[in-house]
Amino acid sequence: MLMQGFANFMWLLSLALIVFSGFALIDAAVRREDAYRAADKKTKPFWLIILGLAFVVNLIFNILSFLPILGLIATIVYMVDVRPALRQITGGGRRGGSSSDGPYGPYNGGR
């Protein structure tokens, strides 16, 4: 009974890691290429490869092995360091800014 509970917990934890790394991969894919350079956070292909590998490793390997831990670290670095910098460069997504904001601030029509 205890072992089955532990196995269920590990399965849920593994599923959570897959969802977390998948979200980070999709988020990295939809961000603009120039935002990575402007934020000085490597390049978009670099992060897509790292996060893609983390996603695949989480799908293939058991959570208790070494590689998913490395994938989790890479995903956490993206989510707490790179993603906020990209959101700041691109205007924060849906919050703040207006439809007339450009990549360097609001567009005022040459006024």
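The values are calculated or read from the model by the stated rules, or taken from the named source; none is laboratory data. Remember, predicted model here, so these are calculated numbers, not experimental data. In case anyone asks, the SASA skips ligands and DNA or RNA and just uses the protein heavy atoms, side chains included. Shrake-Rupley method; radii C 1.70, N 1.55, O 1.52, S 1.80 Å.
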So the carbon and sulfur contribution to the accessible area of the stretch 21-88, 1.4 Å probe, in percent, is 72
Which ³J(HN,Hα) values, rounded to whole Hz and listed in residue order, are derived for the stretch 40-50 from phi using the Karplus coefficients 6.51, -1.76 and 1.60 in 6.51 cos²θ - 1.76 cosθ + 1.60 with θ = phi - 60°, glycine and proline given as x?
6, 10, 6, 10, 4, x, 4, 5, 5, 5, 4
